[in-house]
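A short worksheet on the structure shown next.
The values are calculated or read from the model by the stated rules, or taken from the named source; none is laboratory data. Since the model is a prediction, treat every value here as computed from it, not as a measurement. Note that we place each Cβ from the backbone using ideal geometry, even for glycine, and neighbour counts take in every protein chain shown. Keep in mind that these areas ignore ligands, DNA and RNA; they rest on the heavy atoms of the full protein, side chains included. Shrake-Rupley method; radii C 1.70, N 1.55, O 1.52, S 1.80 Å.
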Amino acid sequence: MTGQLLHKFRNHGPLSRRTKFLILALVPVYFMAAGLFLQPVNEVLKGIITIIREPDFLITDYIAIGGIGAAFVNAGVMALISIAIVYYLGMEMSGHTITSCFLMFGFSLFGKNILNIWSIMMGVCLYAFYHKTSVTRYIYVGFYGTSLSPIITQLMTVGHLPLAVRLPLSILVGIIIGFVLPPLSTHTHYSHKGYSLYNVGFASGIIATVIVSLMRSFGLQTEARLIWSTGNDVLFARLLLGLFGGMIVFSCLIAESVWKRYMEIWKTYGLSGTDYVKSEGFAPTLFNMGVNGIASTLIVLLVGGDLNGPTIGGIFTIVGFSATGKHLRNILPVMAGVILGSFVKTWNISDPSAMLALLLSTTLAPIAGEFGVVAGVLAGFLHASVALNVGIVYGGMNLYNNGFAGGIIAMFLVPVIQSVRDRRARARTHDSL
């Protein structure tokens, strides 16, 4: 009887567009429900107000400053808004839909909130209008570009300026950021050729460097910040493992041959632009997401890290990009390189910045995917050092700090690996100038 019901369920036909979006929306709803259960509603509202008012450059854990409920509700609302925008723009579900919405959720646990993203999104829409093209072409760039939203909050909290100056200034800067992101992110993609998955993070790092340098030139300084919650490992492990386990089970229920198609995902390099929803289908992609989510959660616990807003954000980044390039074969070598580095470098793997580097170093998964385990370990080893030092140039204002570091490593490492692998490769004079 069970087998007949399962066969009937699987052969009900392909999931409709609306059903796929509803399934995606269940993830933020799951955490919002958990948040409202864990924190009284009146405290959630107060916590969200605190989140909006607080400076939120790296590292600012919303769970520590607003509470678990407020952080989950803020992140859930942000993800639902992103899903709704894509849906009502008439776009089809793709791997990039999943990735962008999961990143919006994850980073809304430590930097993005329901107030500080909109001027950047306005800038992207203005860019589309200026070039007389559909905003659907750039909407994902807009979602990713909200990695610079701490700049908006910072400008809004400049104490010696009146509100009448701070508000229009922050809106103007956000619009400028959104307007320059599409062309700049296109250019940066060519520089690393898709070997760093967080391409907009690389472009955002360049923009943040310019803006923060200008701010410092006018006497606006940012201080080092580390707000990091602890003590919730068991609770968050249950929430995360329950969700990711549910993804695996559900994917097996809605489609046959999931494992076979999952193995096809393993064969890919995972270069930027990969879309597993289009190439392998929704169910195998969901399976891959669940597997990577369980693996990354367990790795955090095994190395002695904390499960909190930033690390859950890092885990969700891995899970989100599991729809557009990441799988166990290409992320584990890179993570191993970061862990190996912790034994010989001056920091501990359980340190906050190192934990984020461990999770977000997987931006370099395509290097391991194409060039093998040794190259992946080397990429992770180098990435950790760059990620832990490069953020000083923009004072933590780019939430995708590891995207900036990953772009640098990919630009440095890939040409060297290719030249070693292929002895016929030569640096030609006109290409090297």
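When the criteria are applied in full, Val77 meets the requirement of being touching a Ser or Thr at 6+ places or on another chain (Cβ under 9 Å), surrounded by fewer than 20 Cβ atoms within 10 Å (Cβ to Cβ) and touching a residue at least 24 places away in the same chain (Cβ under 8 Å).
Among the residues of region 42-88, how many are touching an Asp or Glu at 6+ places or on another chain (Cβ under 9 Å) and among the polar types (S, T, N, Q)? Looking only at that region, the number is 1. I'm trying to understand the selection: among the residues of region 59-74, which are closer than 17 Å to Trp228 by Cα and in a helix (DSSP H, G or I)? Once the filter is applied, which keeps residues that are closer than 17 Å to Trp228 by Cα and in a helix (DSSP H, G or I), region 59-74 yields Tyr62, Ile63, Ala64, Ile65, Gly66, Ile68, Gly69, Ala70, Ala71, Phe72. Only a single item in (1) in contact with a helix residue (DSSP H, G or I) (Cβ under 6 Å, 6 or more places away or on another chain); (2) at negative phi; (3) not basic (Lys, Arg) is not met by Gly395, and it is number (2). For region 41-64, give me each residue that is of a type in the set (A, V, I, L, M, F, W, C) and under 21 Å from the mean Cα position of the chain (by Cα). The answer is Ile51, Ile52, Phe57, Leu58, Ile59, Ile63, Ala64.
Contact annotation: residue pairs with Cβ atoms under 9 Å, 6 or more positions apart or on different chains, pairing a residue in region 185-210 that is outside the structural domain of Leu413 (by the TED database) and farther than 16 Å from Gly395 by Cβ with a partner that is of a type in the set (Lys, Arg) and buried (at least 24 other Cβ atoms within 10 Å of the Cβ), are Leu197/Lys326. Scanning region 126-165 for residues that are in a helix (DSSP H, G or I) and open to solvent by 50 Å² or more (accessible area, probe 1.4 Å) gives Leu126, Phe129, Tyr130, Arg137, Met156, Leu163, Ala164, Val165.
When Leu364, Leu358 are checked against the criterion of being closer than 30 Å to Ser213 by Cβ, touching a residue at least 60 places away in the same chain (Cβ under 8 Å) and not assigned by the TED database to the domain that holds Thr99, Leu364 stands alone in meeting it.
For every residue, the table says whether it meets (1) of a type outside the set (Val, Ile, Thr); (2) closer than 28 Å to Gln154 by Cα; (3) out of contact with any Gly (no Cβ under 9 Å at 6 or more places or on another chain).
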position	(1), (2), (3)
Gly325	yes, no, no
Val334	no, no, no
Gly341	yes, no, no
Lys345	yes, no, yes
Asn348	yes, no, no
Ala357	yes, yes, no
Gly369	yes, no, no
Asn401	yes, yes, no
Phe404	yes, yes, no
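Taking the conditions exactly as written (within 24 Å of Phe107 (Cβ to Cβ), touching a Phe, Trp or Tyr at 6+ places or on another chain (Cβ under 6 Å) and in a helix (DSSP H, G or I)), does Gly391 satisfy them or not? No, not satisfied. When region 9-35 is filtered for residues that are surrounded by 17 or more Cβ atoms within 10 Å (Cβ to Cβ) and modelled with pLDDT under 90, only Leu15 remains.
Scan Tyr269, Tyr276 and give me the residue that is among the hydroxyl-bearing types (Ser, Thr, Tyr) and crowded, with 23+ Cβ neighbours inside 10 Å.
Exactly one residue qualifies, and that residue is Tyr276.
Inspection of region 36-58 finds no residue satisfying the criterion of being touching a strand residue (DSSP E or B) at 6+ places or on another chain (Cβ under 8 Å), buried (at least 24 other Cβ atoms within 10 Å of the Cβ) and not in a helix (DSSP H, G or I).
Residues that are open to solvent by less than 10 Å² (accessible area, probe 1.4 Å) and assigned to a loop (DSSP other than H, G, I, E, B) within region 166-196 comprise Gly194, Ser196, listed in sequence order. Condition first: touching a residue at least 40 places away in the same chain (Cβ under 8 Å), assigned to a helix (DSSP H, G or I), crowded, with 18+ Cβ neighbours inside 10 Å and not hydrophobic (A, V, I, L, M, F, W, C). Can you find one or more residues in region 221-237 that meet it? No - not one qualifying residue is present in region 221-237.
Figure legend. Inter-residue proximity from region 334-354: first residues without any contact (Cβ under 8 Å) to a residue 40 or more places away in the chain, second residues of a type in the set (S, T, N, Q) and surrounded by 16 or more Cβ atoms within 10 Å (Cβ to Cβ), beta-carbon distance below 8 Å, spacing 6+ or different chains. Indicated pairs: Asn348/Ser342; Ala354/Ser342. Quick one: is Lys326 within 22 Å of Leu413 (Cβ to Cβ), buried (at least 23 other Cβ atoms within 10 Å of the Cβ) and among the basic types (Lys, Arg)? When the stated conditions are applied, Lys326 passes them.
For region 207-250, the candidate set comprises residues that are closer than 20 Å to Ser147 by Cα and small (Gly, Ala, Ser); within that set, the residue that is nearest to the chain's Cα centre (by Cα) is Ala208.
Per-residue answers, yes or no, for (1) of a type in the set (Gly, Ala, Ser); (2) open to solvent by less than 10 Å² (accessible area, probe 1.4 Å):
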| residue | (1), (2) |
| --- | --- |
| Phe72 | no, yes |
| Ser82 | yes, yes |
| Leu89 | no, no |
| Trp118 | no, no |
